[in-house]
Amino acid sequence: MPAKSRCLPLCQTLCVQWKNTQALCWLDCILSALVHLEVLRKTVLEACSREECVFGRLFEMYHQADELLHTHHLHGVTGEDCKKLTSEIFTEIDTCLNKVRDEIFAKLQPKLRCTLGDMESPVFALPVLLKLEPHVESLFTYSFSWNFECSHCGHQYQNRCVKSLVTFTNVVPEWHPLNAAHFGPCNSCNSKSQIRKMVLERASPILMLHFVEGLPRRDLQHYAFHFEGSLYQVTSVIQYQANNHFITWVLYADGSWLECDDLKGPCAKRHVTCEVPASETHIVIWERKSQVPIEEAACLPCMKPNVQPVSGIEVPGN
């Protein structure tokens with residue numbers, strides 16, 4: 001096969017990514033997740049001014065960096081030169097990505113009070129970033145209720161909430177988006193290991209959840225679900241490693257997974273499967289992938305939330 005033909009599959013599988021500087025993996029993992037969200041990309045391109053919208057600027061600069069990568073591969077690169085890009089091109093890519101990252105950090109800094117070189121958490125930074133653009137935040141904002149009934153004293157409540165990112169700790173072994181329960185104490189009698197359950201009422205096009213101890217299972221296909229006739233599929237995972245490092249994994253169109261680790265060079269690595277241990281699954285992002293015909297939806301395991309109020313004391317949700 002001609003050398004140029006061998007080059008094409010390589011360039012088509014590469015995706016640029018941010019490189020780690022100033023302990024910014026917490027921000028790099030957020031940006032890597034956002035630029036690969038198809039629902040977000042379409043909304044931003046249709047509704048945002050690139051000069052005024054933070055997310056429009058993010059997609060514009062990422063696209064420029066990606067174009068530098070692919071254009072360099074596709075035009076006149078043959079033989080051994082196909083295996084690596086020149087340092088000049090990588091410098092341009094880094095400049096492009098670093099510029100938009102610096103702009104976003106500058107907008108987050110007064111709200112997070114973060115300092116370059118100090119570690120932050122994407123759990124706190126991501127909702128703050130979304131709030132910069134309300135029309136973008138609405139893509140991530142869902143409504144739900146926390147339902148609780150103590151098996152010991154009978155205390156119960158239903159607390160309705162609207163969030164863009166909800167935290168789960170101590171989840172039940174059979175946790176699933178349609179069985180989103182976790183263990184916790186009763187606020188009335190202090191009985192331990194009572195169950196509180198999150199029941200979706202309105203699901204956003206993009207759904208994000210945070211798991212302090214990770215998920216019970218690493219099989220992400222298990223956590224796909226249908227809600228009100230739509231399929232929701234896990235398309236991004238932010239991994240948290242014990243050495244205080246964050247990595248983003250993104251489901252690619254061909255079913256493979258991109259590992260966006262800013263410690264591993266300028267391009268994301270491709271894997272057949274998502275290789276995140278269940279215990280390191282930190283933030284999970286679902287996207288609404290398709291509408292299901294009404295006749296098929298009737299046969300799907302879809303939960304219809306109970307929106308009737310439950311008597312008892314309401315307490316703040318996560």
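The figures follow:
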| quantity | calculated |
| --- | --- |
| Range of Cα positions in the stretch 96-205 per principal axis (Å), largest first | 57, 30, 24 |
| Long-range HN-HN contacts of Lys269 with modeled amide H, under 5 Å | Glu259, Asp261 |
| Cross-link pairs Lys99/Lys131; Lys99/Lys269; Lys99/Lys163; Lys42/Lys99; Lys163/Lys289; Lys107/Lys269 - those with Cα-Cα distance over 25 Å | Lys99/Lys163; Lys107/Lys269 |
| Those trypsin sites (Lys or Arg not before Pro) in the stretch 194-283 that DSSP places in a loop and that have at most 13 other beta carbons within 10 Å | none |
| ³J(HN,Hα) computed for each position of the stretch 242-250 - Karplus, 6.51 cos²θ - 1.76 cosθ + 1.60, integer Hz, glycine/proline x | 4, 7, 6, 10, 10, 9, 9, 10, 10 |
| Accessible surface of the stretch 97-204 [probe 1.4 Å, protein heavy atoms]: carbon and sulfur percent | 50 percent |
| In Hz, Karplus ³J(HN,Hα) per residue of the stretch 152-167 (6.51, -1.76, 1.60; θ = phi - 60°; x = Gly, Pro) | 8, 10, x, 4, 8, 7, 10, 10, 8, 9, 10, 9, 9, 8, 10, 9 |
| Nonlocal amide H pairs with His155, under 5 Å, H built at 1.01 Å | Cys150 |
| Long-range amide H partners of Glu213 with built H, under 5 Å | Asn170 |
| Net +/- balance of residues flanking Asn98 in space, Cβ distance below 13 Å, scoring K and R +1, D and E -1 | -3 |
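The values are calculated or read from the model by the stated rules, or taken from the named source; none is laboratory data. Note that the structure is predicted; figures quoted are calculated from it, not measured. With ideal geometry, Cβ positions are generated from the backbone for all residues, glycine too; neighbour counts draw on all protein chains shown. Note: accessible area is taken over every heavy atom of the protein model, side chains too, but ligands, DNA and RNA are not part of it. Shrake-Rupley method; radii C 1.70, N 1.55, O 1.52, S 1.80 Å.
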